[in-house]
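The values are calculated or read from the model by the stated rules, or taken from the named source; none is laboratory data. Owing to the predicted nature of the structure, the values given are computational and were not obtained by experimental measurement. Note that each Cβ is placed from the backbone with ideal geometry, even for glycine, and that neighbours are counted across all protein chains shown. Accessible surface areas use protein heavy atoms only, side chains included; no ligands, DNA or RNA. Shrake-Rupley method; radii C 1.70, N 1.55, O 1.52, S 1.80 Å.
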Amino acid sequence: MKVMLVGATGLVGGQVLQQLLDDPRCDAVVAPTRRPLAHADPALHNPVVDFERLPVDAPWWAVDAVICALGSTIKQAGSRAVFSRIDHDYPLQVATLAQAHGAHAFVLNSAMGADPQSRIFYNQVKGRLEQDLRGLGYRSLTLVRPGLIGGERSERRTGEHLASVVLGALGPVLPRAWRINPAVNIAAAMVEAALAPRPGVQIVGAADLAG
């Protein structure tokens, strides 16, 4: 299979990229990024793009499945409007263009609590994206909804770090849905959903991803 990965530079996306390249079921990976990846592999095609101006007719859109690990935080984005563009508009445009070129499976790294009616803006944006992706009618759509993601990020998120320390200490006594979700587990679930897609809409919850 040929798989597109967006968000390859992030914590989860980096794990997804390595797992795809290591999986014999995957013949090629297309990973469009804003800056070139420091990763050399003959199976990897890394077009450098501007997500505000994606090339609609590029031949590399022709893939079997798409994995989207693209995402930010409101603090990183700088405003709610920019965050919404990154976490909603970009993934939806990628999904639309890839589907137009033949993709039949889409896998999204969403969030626990994703709900278009949520009072929490982050969860509201994630929920709107899930809703709009359902509307595209992909043959296979997998929504992965992790809780707190475990792993070493390139940038430090203080609140996330403190929460991971607390949840890490309490992990053995917490319900599975509240435990840390290691990035490697999230990536494995996404890779499996892309390479062995199941028809319809599938939900992978935080309890399924717990360490």
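For His45, nonlocal amide neighbours, meaning residues 5 or more places apart or on other chains whose placed amide H falls under 5 Å from its own, are Val29, Val30, Ala31. Note: relative contact order over the stretch 16-94, using C-alpha pairs below 8 Å and six or more positions apart, is 19 percent. Placing unit charges on the Cβ atoms only, positive for Lys and Arg and negative for Asp and Glu, gives the chain a dipole magnitude near 580 debye about its Cα centre.
The angle separating the long axis of helix 121-136 from the principal Cα axis of greatest extent in the chain is about 40 degrees. Across Thr33, Thr73, the residue with the most accessible area heads the list, and the full order at a 1.4 Å probe is Thr73, Thr33. Measuring nothing but how far apart in sequence close Cα pairs (under 8 Å, 6+ apart) lie, relative to its length, the chain scores a relative contact order of 21 percent.
For the chain, the per residue solvent-accessible surface stands at 48 Å², with DNA, RNA and ligands left out and a 1.4 Å probe.
Angle of helix 158-170 to the longest C-alpha principal axis of the chain, folded into 0 to 90 degrees and rounded to 10: 60°.
Were the residues from Ala58 through Gln93 laid out at 0.36 nm apart, the gain over their Cα-Cα distance would be 11.2 nm. Computed 3J(HN,Hα) for the stretch 68-84, one whole-Hz value per residue from the Karplus formula 6.51 cos²θ - 1.76 cosθ + 1.60 where θ = phi - 60°, is 10, 10, 6, x, 9, 10, 4, 5, 5, 5, x, 6, 5, 5, 5, 4, 5, glycine and proline marked x. Tally up the carbon and sulfur contribution to the accessible surface of the chain as a whole percent, 1.4 Å probe, everything protein left in place. The value for the chain is 54 percent carbon and sulfur by accessible area. Under 5 Å between amide hydrogens, built in the peptide plane, is the criterion, and for Val66 it picks out Met4, Ala105, Phe106, Val107 among residues at least 5 positions away or on other chains.
The peptide list 186-198, 15-27, put in order of mean Cβ contacts within 10 Å with the highest first, becomes 186-198, 15-27.
Accessible area of Lys126 (1.4 Å probe, protein heavy atoms only, ligands and nucleic acids ignored): about 10 Å². Against the chain, whose longest principal axis is taken from its Cα atoms, helix 90-100 shows a tilt of about 40°.
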